[in-house]
Amino acid sequence: MQEVIIIGSGPAGLTAAIYAARANLNPLVIEGLDAGGQLMLTTMVENWPGYRDGIMGPDLIAELRLQATRFGSQIITGNVDNVDISSAAIKVQLGETVYESRSLIISTGASARLLGLPSELKLMGHGVSTCATCDGFFFKERPIVVVGGGDSAMEEAIFLTKFAAHVTVVHRRDVLRASKIMQDKALNHPKISFEWNTEISEIKDVEAGKVTSVILRHVDSGVLKELSVDGVFVAIGHNPNTSLFAGQLDLDEQNYIKTTNGSLTSRSGVFACGDVQDPVYRQAVTAAGSGCMAAIDAERYLESLPILGDVNLGEE
């Protein structure tokens with residue numbers, strides 16, 4: 001029987017592990033096979049406090065991981081197959097092994113929706129990005145593309161005009177899905193232009209190791225044209241990784257876990273932090289902050305329970 005199990009190993013999960021370990025809760029962290037979250041897909045992170053010269057995303061995760069294990073966190077690798085929170089003893093299944101815990105911290109994150117192009121992942125962090133706030137600074141006075149037509153895409157396009165020489169929005173339809181106010185801001189911005197009824201069919205240049213242009217295809221005519229750009233920002237939404245908890249926890253209309261008073265979910269003893277419950281900010285530093293809150297909330301919850309070994313484990 002564990003005191004606390006943490007599912008996920010991005011900034012939220014590892015920060016929760018650091019705080020839980022320092023509280024002598026001996027947390028068990030289950031990191032996925034794609035451990036580290038979205039920071040593993042980034043290169044230089046310049047907005048993490050304390051690193052004035054920046055730090056590579058994978059290096060930041062490595063540092064957090066070492067810090068968590070230094071204080072006694074146990075980290076195992078594998079994808080969780082099933083979670084059962086219906087009883088006081090929470091069950092987390094990993095392969096044929098079932099771990100039991102008195103509390104659970106969910107930090108499974110969210111996955112950015114991608115275009116599905118072969119070159120997309122190869123150039124991720126080398127001109128392709130899913131986060132304007134994270135990477136916009138690297139594109140000062142350079143032409144870039146934003147893909148999407150919703151509020152997120154318009155927000156990213158407008159934000160990127162602070163840096164880019166020009167922003168071209170590529171949208172599959174001839175009308176935007178964004179709210180009227182966001183549409184008006186983007187459509188009337190002098191540094192934003194639109195490619196309507198258009199999709200990206202290829203991102204160049206993998207061999208060069210950087211983005212040099214995109215091949216655009218008109219969805220009706222099939223006509224191709226090449227546009228020289230230095231960056232591609234994909235803004236077609238995120239999918240929170242909550243399939244394990246569907247039907248067990250309250251989710252919002254976008255399937256993010258609903259939390260109140262910090263990290264509390266609809267089930268006592270289960271806490272959520274990071275991008276799995278945050279559709280708004282989606283930053284490494286905010287994820288880490290919510291991981292801290294989840295660990296403190298879990299510690300306070302455990303202090304309210306009978307001592308480990310009590311037959312009812314705190315069931316009312």
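No value in this document is a laboratory result; all are computed from the given coordinates. This is a predicted model, so every value here is computed, not measured. When we count neighbours, we look across all protein chains shown, and the Cβ atoms used for this are built from the backbone with ideal geometry, even at glycine.
For the reader, a short list of remarks on this structure follows.
- Per residue convex hull volume, Cα atoms of region 114-234, in Å³: 92
- Listed by number, the DSSP H helices of the chain that run 24 Å or longer by alpha-carbon position along their axis and have mean Kyte hydropathy of at least -1.0 are 284-303.
- Looking at region 10-70, the trypsin sites (Lys or Arg not before Pro) that sit in a DSSP loop and have at most 15 other Cβ atoms within 10 Å of their own Cβ are Arg52.
- Antiparallel beta bridges, as assigned by DSSP with both residues in the chain, represent about 45 percent of the total such bridges.
- For region 194-243, the calculated P(r) over all alpha carbon pairs, in 10 Å bins from 0 to the bin holding the longest distance, is 22, 43, 25, 10 percent.
- Panel note: the C-alpha atoms of the chain, placed on their principal axes, show extents of 69, 38, 35 Å (largest first).
- Kirkwood Rh and Cα Rg combined as Rg over Rh, evaluated for region 1-157: 1.04
- Inverse of mean 1/r across different Cα pairs in region 88-151, Kirkwood, Å: 15.9
- As a rough footprinting exposure proxy, the listed residues Ile90, Ile181 were ranked by other beta carbons within 10 Å of their own, and the order from fewest upward is Ile181, Ile90.
- Cα gyration tensor shape of region 65-119, rounded if a/c is under 1.5, else prolate or oblate by comparing a/b with b/c: oblate
- Cysteines without a disulfide-compatible neighbour (Cβ-Cβ under 4.7 Å), the chain: Cys273, Cys292
- Proxy reagent accessibility, fewest Cβ within 10 Å first, across Glu31, Glu3: Glu3, Glu31
- When the GluC sites (Glu not before Pro) in region 113-173 are filtered for DSSP coil states and for at most 15 other beta-carbon atoms within 10 Å of their beta-carbon, the remaining sites are Glu141.
- Order by protection proxy (mean Cβ within 10 Å, highest first), peptides 265-272, 244-251: 265-272, 244-251
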